[in-house]
Amino acid sequence: MTSRTATLIGLSAILMWSLLAVLTVATGTIPAFQLAAITFAIGGLVGLSTFIGRPEALSALRQPPLVWAVGVGGLFGYHALYFLALRFAPPAEAGLLNYLWPLLIVLFSSFLPGERLAPHHVIGALAGLAGTVLLLAGNGLSGFAPGELPGLFAAFVAAFVWATYSVMSRRLKSVPTDAVAGFCLVTALLAALMHALFERTVWPETSRQWLAVIALGIGPVGAAFYTWDIGMKRGDIRVLGAASYATPLLSTGLLILAGFAKASANIAIAAVLIAGGGLIAARDMFRKR
């Protein structure tokens, strides 16, 4: 598999993650950890289903403790912190801090063996950050109360957790992507435990809500983690980091189409900054080889 192919596969994760908000809204009022437990269980089963006819794939689950710590710590740690952020802090401010992770991936990639951080990678990532700030500012950034500090801090730490997980995936390049199925299943178990301790169970009330839950598990909380793993391990990690800023933009666009948000000039300008930043960062992919 070439680096370009792996990068394109990794980009599909960004497209799937853009569906996360609209599908989550469509699930109704299911508590966050309950929803995570169900969808990660589905995501794990999606991975296990690919083991059919490949019994040797089961060996991918036999990994040293460090690999499990990185995999489960990344998936569960990030989502637990993000849910905590949304519970205690305003969504716009929490989202802004959380979306530092694409920039952090671009910067952290410079510490990887054989990787070089060029000026256009940084420029592209900063343009994407500017577009994200503008996009979230248009949704109403405001001052914050002291009680919101834990949530804002959780969002900030979550960005570092996801960036570290993504970059460490590159360092653990020899670990097969099949192992992600195990990470998802353990994450589902931990989320179920958190749900049992802190939440009240609420089941989907309609078939539409059940379909949204299943779609979440198959796509944004399922296949996306496998394709992201391929992109991080074999693709251009700097391009993927910068391109990740397209997630909030695409997500907002889908919310507009679904009637959950309104179009604005801020969104249009943010689109130019984010798309332009992604193209600048991905300049190397368009060069003839």
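Of all the criteria given as (1) farther than 17 Å from A223 by Cα; (2) open to solvent by 30 Å² or more (accessible area, probe 1.4 Å), the one not satisfied by L45 is (1).
Within region 85-102, being more than 12 Å from the chain's Cα centre (by Cα), modelled with pLDDT of 75 or more and open to solvent by less than 20 Å² (accessible area, probe 1.4 Å) holds for one residue alone: A85.
Please go through region 174-210 and give me each residue that is free of Cβ contacts under 8 Å to residues at least 40 places away in the same chain and under 19 Å from L23 (Cα atoms), ordered by number. Selection gives S207, W210.
Let me spell it out: the conditions are (1) among the hydrophobic types (A, V, I, L, M, F, W, C); (2) within 27 Å of R238 (Cα to Cα); (3) open to solvent by less than 20 Å² (accessible area, probe 1.4 Å), and A57 meets all of them except one. Which number is the exception? For A57, the failing item is (2).
Selection of region 253-279 for residues being surrounded by 21 or more Cβ atoms within 10 Å (Cβ to Cβ) and modelled with pLDDT under 70 yields A270, I274, G278. For region 223-250, which residues satisfy the criterion of being among the hydrophobic types (A, V, I, L, M, F, W, C), within 17 Å of S169 (Cα to Cα) and surrounded by fewer than 24 Cβ atoms within 10 Å (Cβ to Cβ)? Across region 223-250, the qualifying residues are A223, A224, I230.
Against the numbered list (1) within 28 Å of S169 (Cβ to Cβ); (2) open to solvent by 20 Å² or more (accessible area, probe 1.4 Å); (3) at pLDDT below 70, A282 comes up short only at (2). Restricting to region 1-42, and then to whatever is open to solvent by 20 Å² or more (accessible area, probe 1.4 Å), of a type in the set (G, A, S) and at pLDDT below 90, can you tell me which residue is nearest to the chain's Cα centre (by Cα)? Per the criteria, the residue is A21. Selection over region 195-222 of residues that are open to solvent by 30 Å² or more (accessible area, probe 1.4 Å), assigned to a helix (DSSP H, G or I) and of a type outside the set (S, T, Y) gives a count of 10.
Picking from residues in region 67-84 that are in contact (Cβ under 8 Å) with a residue 60 or more places away in the chain and open to solvent by 50 Å² or more (accessible area, probe 1.4 Å), the one that is farthest from G222 (Cα to Cα) is L84.
Checked against (1) polar (S, T, N, Q); (2) more than 28 Å from Y245 (Cβ to Cβ); (3) touching a residue at least 24 places away in the same chain (Cβ under 8 Å), S59 passes all but a single condition, namely (3).
The values are calculated or read from the model by the stated rules, or taken from the named source; none is laboratory data. This one's a predicted model, so the numbers in the text were calculated from it and none came from an experiment. Ideal geometry is used to build each Cβ from the backbone, glycine not excepted, and the neighbour counts take in all protein chains shown. Protein only, heavy atoms only, side chains kept; ligands, DNA and RNA dropped before computing areas. Shrake-Rupley method; radii C 1.70, N 1.55, O 1.52, S 1.80 Å.
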